[in-house]
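Reading through the structure tokens given below for one structure.
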Amino acid sequence: MNVGSHYIWKLASLLFALLYAFIFFCLPIDAFYDRVNYLFYAENSYNILLGYMSNGFLSLLTNEPIWLLVNVSLSSFLNQEYTLRVIIFFSAFLSSYVVLITEKKYFILLIVFLLMPQVVKNNIVHLRQGLAIALFLYFYFCFNKDKSIYLILITPFVHSSFFFIVFFIYITEAFRYFRASYGIKVILFFIISVSLSILSLWLASKLGARQGERYELQMTHASGLGLVFWSMCLLIFLSQGSEYIKNNSLATYILVFYTSTYLLFPVSARIFESAILIVLLSGLKLRNSRFLIFISMIAVLFFIQWTDRLGEPGFGWGRGIDYWS
């Protein structure tokens, strides 16, 4: 890539990221699902933070203290509405810019990824998760491994789903020193995923994390279409061979986790959404017919998801529905 085209690519990425973030920034602040709760956080984060602190250090750590501190900091000079708008803009801009600069060759496909409902909703509905995703992508792609392996430790304290993602990354690194075939490693990760799903909500409840109480007795209401779709993607990844799995092990293991815990773990979809961009970006490294099949599947998914949502109030996010989770 020559210097001129490099700067044009970076400028195009910057301009699209600014436009992408500005659109989310301008959306009505109270027109979407869960915005009332986020406005409550913006107004009361300091008191919420004190409440968790009074329950002990573990309670504080397991209830996303950095998210609360971000709200405390912004609300000290902004009103509730603009506290949310700044978070939305920052998250959407950072995540989109980092994704767009990962690969010049697939710029249009990267825009499609950013416009997928499972990505978009983290800048509309799941704002806390959107901020954590933006920070994670920045640390993961923009720093070398020696630094990123520590910087990503911040993200679980923004959104608790990243306790799992960080764990997956450390397991992936540990597996590099485990002399076994990648088939054995995938089976082992399957066993770890199922065990983790059984134990984690119980542990969250014991540690005082609000998610443990919220989801412990909750059953998933998903249709199963997501399980079928992403299982097919996992098969494509595995069929590409051991070299591909070695170079894209995190994305592969994330798919293993999601498909193996789909029926067991009511929050597996939320965890998967935190890393879906990692999976999509790894899909760009598939070769030949597998690449074409993967991209065709994503195009069909994109079309079906948006067809289901067009015409719905708030594109369906007012009701929190996602048939493809």
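The values are calculated or read from the model by the stated rules, or taken from the named source; none is laboratory data. Since we're looking at a predicted model, the values are computed, not measured. Positions of Cβ are backbone-derived with ideal geometry, glycine not excepted, and every protein chain shown enters the neighbour counts. Side chains included, ligands, DNA and RNA excluded: accessible areas come from the protein's heavy atoms. Shrake-Rupley method; radii C 1.70, N 1.55, O 1.52, S 1.80 Å.
Data for the structure
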quantity: Residue in the range 127-167 that is most open to solvent (accessible area, probe 1.4 Å), counting only those that are among the aliphatic types (A, V, I, L, M), within 28 Å of Asp34 (Cα to Cα) and without any contact (Cβ under 8 Å) to a residue 24 or more places away in the chain; calculated: Leu153
quantity: Conditions (1) closer than 20 Å to Ile133 by Cα; (2) loosely packed, with under 15 Cβ neighbours inside 10 Å; (3) of a type in the set (Ser, Thr, Tyr); number of the one not met by Ser76; calculated: (1)
quantity: Any pair with Cβ under 9 angstrom, 6 or more apart, that starts in the range 9-21 at a residue that is of a type in the set (A, V, I, L, M, F, W, C) and ends at one that is open to solvent by 60 Å² or more (accessible area, probe 1.4 Å) and not in a helix (DSSP H, G or I); calculated: Trp9/Met1
quantity: Matching helices (runs of 4 or more DSSP H) fully within the range 168-262 where at least 3 residues are modelled with pLDDT of 85 or more and surrounded by fewer than 14 Cβ atoms within 10 Å (Cβ to Cβ); calculated: 182-207, 225-239, 242-247
quantity: Residue within the range 104-126 that is open to solvent by 50 Å² or more (accessible area, probe 1.4 Å) and assigned to a loop (DSSP other than H, G, I, E, B) present; calculated: yes
quantity: Looking only at the range 79-103, and only at residues there that are of a type in the set (A, V, I, L, M, F, W, C) and under 20 Å from Asp34 (Cα atoms), the one that is most open to solvent (accessible area, probe 1.4 Å); calculated: Phe90
quantity: Cβ pairs under 8 Å, 6+ apart, first in the range 24-40 and free of Cβ contacts under 8 Å to residues at least 24 places away in the same chain, second assigned to a helix (DSSP H, G or I) and of a type in the set (A, V, I, L, M, F, W, C); calculated: Asp30/Val36; Asp30/Leu39
quantity: Options Tyr41, Tyr33, Tyr20: the member that is surrounded by 15 or more Cβ atoms within 10 Å (Cβ to Cβ), outside any helix (DSSP H, G or I), of a type outside the set (Lys, Arg) and within 24 Å of the chain's Cα centre (by Cα); calculated: Tyr33
